[in-house]
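The values are calculated or read from the model by the stated rules, or taken from the named source; none is laboratory data. Computed from a prediction, not measured in an experiment: that's the story for all the values here. Methodologically, a virtual Cβ is constructed for each residue, glycine included, from the backbone with ideal geometry; neighbour enumeration extends over all protein chains shown. We work out accessible area using only protein heavy atoms, side chains counted, and drop any ligands, DNA or RNA first. Shrake-Rupley method; radii C 1.70, N 1.55, O 1.52, S 1.80 Å.
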2 protein chains.
Amino acid sequence: MEIKTACSQCNLRELCLPFGLDPREVDQLDELVGSRRKIKRQQHLYRSGDPFEAIYAIRAGSFKTDVILEDGRDQVTGFQMTGEVLGLDGISSEHHSCNAIALEDSEVCVIPFVRLEELSRQVESLQHQFHKIMSREIVRDHGVMMLLGSMRAEERLAAFLLNLSQRFTARGFSPSEFHLRMTRDEIGSYLGLKLETVSRAFSRFQDEGLVAVQQKHIRILDTPGLKRILNHHASN
Amino acid sequence: MEIKTACSQCNLRELCLPFGLDPREVDQLDELVGSRRKIKRQQHLYRSGDPFEAIYAIRAGSFKTDVILEDGRDQVTGFQMTGEVLGLDGISSEHHSCNAIALEDSEVCVIPFVRLEELSRQVESLQHQFHKIMSREIVRDHGVMMLLGSMRAEERLAAFLLNLSQRFTARGFSPSEFHLRMTRDEIGSYLGLKLETVSRAFSRFQDEGLVAVQQKHIRILDTPGLKRILNHHASN
DNA sequence: AAATCGTATTGACGTGGATCAAAGGCGTCC
DNA sequence: GGACGCCTTTGATCCACGTCAATACGATTT
């Protein structure tokens, strides 16, 4: 028995694939969203190497994606929240090229890719929104490269916190108070730092009155201060 | 007066947008490719902030893309060669979010984006190939994140050289001997290293007999050796 | 052929973040 | 409710890469 919650009813539609579609078109999209899938914390939505069949819109919960090398090193390539789309990496080779793992008990909408391409040949606004979503991912990745390639530890963490804050805001949550769903180690992997360095940077921010940190609970006390850390760079 | 060189005649079509299209479809694509544009060395194809109107397929030459922060720091996000597509970053916001700069005198095919979306609503194989190209960019970016986030200097350079070698091969050039079109500084920016570090890594590779380096001219002497550098990592 | 300029190499030294190590907080499972 | 395991914090030390500086190389101009 499927719980059939339509895109048209979904409060995430402004952030997700239905954005910009008119009601009739959203109904068409509804038909396409085959099913929902619940993923328990720490479980994989898909693994690197899995055949690619669908992309996924996060309906509840959150995920990380990571890439693993043969020698065991891994790199978290992103953290995804509700309304964001997972699986785009799989289109190019018909196989997924990263792992998607739930950070908490989560639920996704399964969007069979062949059918999405089909419908987006008919519905211009859907086609365009899908392209925007892919492009946004590319732009986001460039931002991460900038961060990894030319920022110091505290700048990276400040950028990370400001980015989270903004995304929580877009979802109607507090911009200044939230729970991290990922560990220090996962943050470190994403930011190209060791977990100890992440922890120390948090402590320093706390000492400077920028944030209040209590384990995974974060309160941002001085947003402009965090932004200043990002820009206050002498040169490179 | 336009030099009208058709996709159907182009020896890059296997690497580019026409891949997978049948001859009739390639003709349709031809009509869409509005014009070609020559870009001199060091000139911009587009700049961050420019309104987005078209994507570009590189017909001759090569480019770098970079992102610049307010404080002047910049990060090279990629090097592009013939057959590769530039401008995908612009779709998401209708404005380009990075700069594309020619590394040598180059020529691109201008592909007006509205028309590309139009045609790819009619031509399934074009739609799919375009999606693959975007997805490939995302996968590539994840690879760069891995490199920036968890590799040491020599591993980064080895990965870079092997990647170049493979791309030259795909274009019918020697896998083992080529000219770098970018400076040490640009390589460094891309790899998240300073130019001195890049230079030293080259020297070390040379000492170890892995490559012969003479300024921008590179000869790879020991491909397996370079690959070993990539994997021979104790742990993380 | 000399002068100039951008690029590359190499050396000496400094430092930010990694590594190693220990201890404390918190949730969870018997 | 006690013990165990995971996560986090913090300190001490190390080292890979950055920084600073000098020199060399090659192309281009005059």
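Does B:S48 count as of a type in the set (G, A, S), open to solvent by less than 70 Å² (accessible area, probe 1.4 Å) and modelled with pLDDT of 95 or more? Outline the logic, then answer.
Details: of a type in the set (G, A, S): yes; open to solvent by less than 70 Å² (accessible area, probe 1.4 Å): yes; modelled with pLDDT of 95 or more: yes.
Spelling it out, B:S48 is indeed of a type in the set (G, A, S), open to solvent by less than 70 Å² (accessible area, probe 1.4 Å) and modelled with pLDDT of 95 or more.
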Q. Out of the range A:172-189, which residues are more than 21 Å from A:D105 (Cα to Cα) and either within 9 Å of DNA strand D (Cβ to nearest atom) or within 14 Å of another protein chain (Cβ to nearest Cβ) (or both)?
A. A:G188, A:S189
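Confirm whether B:S35 is in contact with a strand residue (DSSP E or B) (Cβ under 9 Å, 6 or more places away or on another chain), open to solvent by 60 Å² or more (accessible area, probe 1.4 Å), farther than 20 Å from B:M182 by Cα and among the polar types (S, T, N, Q). So that I can check it myself, show each step before the final result.
Numbers: in contact with a strand residue (DSSP E or B) (Cβ under 9 Å, 6 or more places away or on another chain): yes; open to solvent by 60 Å² or more (accessible area, probe 1.4 Å): no; farther than 20 Å from B:M182 by Cα: yes; among the polar types (S, T, N, Q): yes.
Answer is no for this residue.
Do you know which residues across the range A:198-234 are within 8 Å of DNA strand D (Cβ to nearest atom) and either surrounded by 13 or more Cβ atoms within 10 Å (Cβ to Cβ) or not basic (K, R) (or both)? Can you show your working first?
To start, the set of residues in the range A:198-234 that are within 8 Å of DNA strand D (Cβ to nearest atom) comprises A:198-200, A:202-203, A:206, A:213-216.
Of everything in the range A:198-234, those that are within 8 Å of DNA strand D (Cβ to nearest atom) and either surrounded by 13 or more Cβ atoms within 10 Å (Cβ to Cβ) or not basic (K, R) (or both) turn out to be A:V198, A:S199, A:R200, A:F202, A:S203, A:Q206, A:V213, A:Q214, A:Q215.
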Q | Residue satisfying all of: in the range A:115-139; free of Cβ contacts under 8 Å to residues at least 60 places away in the same chain and of a type in the set (A, V, I, L, M); most open to solvent (accessible area, probe 1.4 Å) among these | A | A:V139
Q | Matching residues, the range A:70-94, being in contact with a Ser or Thr (Cβ under 7 Å, 6 or more places away or on another chain), in a loop (DSSP other than H, G, I, E, B) and either open to solvent by 40 Å² or more (accessible area, probe 1.4 Å) or at pLDDT 95 or above (or both) | A | A:G72, A:M81, A:I91, A:S92
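Taking the criterion of being open to solvent by less than 50 Å² (accessible area, probe 1.4 Å), in contact with an Asp or Glu (Cβ under 9 Å, 6 or more places away or on another chain) and either without any contact (Cβ under 8 Å) to a residue 12 or more places away in the chain or within 30 Å of B:R41 (Cα to Cα) (or both), would at least one residue in the range B:149-162 satisfy it?
no
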Q: Look through B:M146, B:M182 and report the one residue that is open to solvent by less than 30 Å² (accessible area, probe 1.4 Å), near DNA strand C (Cβ under 10 Å from one of its atoms) and not hydroxyl-bearing (S, T, Y).
A: B:M182
**Q.** Cβ pairs under 9 Å, 6+ apart, first in the range A:193-214 and at positive phi, second open to solvent by 10 Å² or more (accessible area, probe 1.4 Å) and of a type in the set (D, E, K, R)
**A.** A:G209/A:D222
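Let me confirm something: among B:S35, B:S48, which residue is touching a residue at least 40 places away in the same chain (Cβ under 8 Å), under 19 Å from B:L88 (Cα atoms) and more than 14 Å from chain A (Cβ to nearest Cβ)? So that I can check it myself, show each step before the final result.
Values: B:S48 fails: more than 14 Å from chain A (Cβ to nearest Cβ).
So the residue among B:S35, B:S48 that is touching a residue at least 40 places away in the same chain (Cβ under 8 Å), under 19 Å from B:L88 (Cα atoms) and more than 14 Å from chain A (Cβ to nearest Cβ) is B:S35.
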Q: Answer yes or no: is there a residue in the range A:158-169 that is of a type outside the set (G, A, S), within 16 Å of DNA strand C (Cβ to nearest atom) and either closer than 19 Å to A:D74 by Cα or within 14 Å of chain B (Cβ to nearest Cβ) (or both).
A: yes
Q.
So if I check each of A:E104, A:E94, which one is over 15 Å from the mean Cα position of the chain (by Cα) and over 25 Å from B:S93 (Cβ atoms)?
A. A:E94
